[in-house]
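Okay, structure first, notes after.
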Amino acid sequence: DQQVKQNSPSLSVQEGRISILNCDYTNSMFDYFLWYKKYPAEGPTFLISISSIKDKNEDGRFTVFLNKSAKHLSLHIVPSQPGDSAVYFCAASAGGTSYGKLTFGQGTILTVHP
Amino acid sequence: DTEVTQTPKHLVMGMTNKKSLKCEQHMGHRAMYWYKQKAKKPPELMFVYSYEKLSINESVPSRFSPECPNSSLLNLHLHALQPEDSALYLCASRIQGAPVNGYTFGSGTRLTVV
């Protein structure tokens, strides 16, 4: 049962344009959502997060939007740069006694062309 | 020191071998994690250690045996693995009780079982 889904395996964008990566979840207990960036042969690197009490969080070129009613979140990267090319994972966590367990989506490969 | 260091980076082992993966951090994080990532799949939680005690075992087969000998070190002992256990094994740590965006991942050990 895939509780976090990223339905687009890949996304190709021109440098300077906006990249929009999408993520859907099914577990209503999730209360914290994160985006990670991953290069081959490296561990995931934290990008940005959002709590379920918010609908938007911004950090520089990265903005995450959360639509709780639709159980959907998205990551916007503006402007996109070639160095942003990587695999992007959406992850979710449920509070309480989850001990900080992260449930990941399948990932989206972002390619930013110069 | 803000890193999680995993050794070895690559490991090839036979199905009758015994080997160990090592993870080390000196950030004072008291929650430590093992995740497994198979090719083209998301990372999946295996074990959680909290204050050097095993808190979560996600129904992992007994051929994987975790150990946390002190607050800086996390081991994963491997015995009688199967070829389907070939994967990237990621270690992570965070401050116990802190938001999950405080995770720090290591670069992983790429394990191949032959």
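The table for this structure:
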item	result
Test: residue in segment B:65-88 that is within 21 Å of A:Tyr36 (Cα to Cα) and either crowded, with 16+ Cβ neighbours inside 10 Å or in contact with a Leu (Cβ under 9 Å, 6 or more places away or on another chain) (or both)	yes
Meets criteria (touching a residue at least 12 places away in the same chain (Cβ under 8 Å), away from chain A (no Cβ under 13 Å) and farther than 20 Å from B:Tyr103 by Cα) for B:Gly28	no
Residue satisfying all of: in segment B:21-48; of a type in the set (Lys, Arg) and more than 17 Å from B:Thr112 (Cβ to Cβ); surrounded by the fewest Cβ atoms within 10 Å (Cβ to Cβ) among these	B:Lys22
Selection status of B:Leu81, assigned to a strand (DSSP E or B), of a type outside the set (Ser, Thr, Tyr) and either farther than 25 Å from A:Val4 by Cβ or in contact with a Lys or Arg (Cβ under 8 Å, 6 or more places away or on another chain) (or both)	no
Enumerated strands (runs of 3 or more DSSP E) restricted to segment A:1-85, each holding at least 1 residues that are modelled with pLDDT of 95 or more and surrounded by fewer than 13 Cβ atoms within 10 Å (Cβ to Cβ)	A:10-14, A:56-59, A:62-67
Lone qualifier among B:Lys40, B:Lys53, B:Lys22 - being more than 10 Å from the chain's Cα centre (by Cα) and over 23 Å from B:Ala98 (Cα atoms)	B:Lys40
Any hit, segment A:92-103, residues being free of Cβ contacts under 8 Å to residues at least 60 places away in the same chain and touching a Leu at 6+ places or on another chain (Cβ under 8 Å)	yes
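The values are calculated or read from the model by the stated rules, or taken from the named source; none is laboratory data. The structure displayed is predicted, hence computed values, not measured ones. All Cβ positions, even for glycine, are placed from backbone atoms using ideal geometry, and neighbour counts span all protein chains on display.
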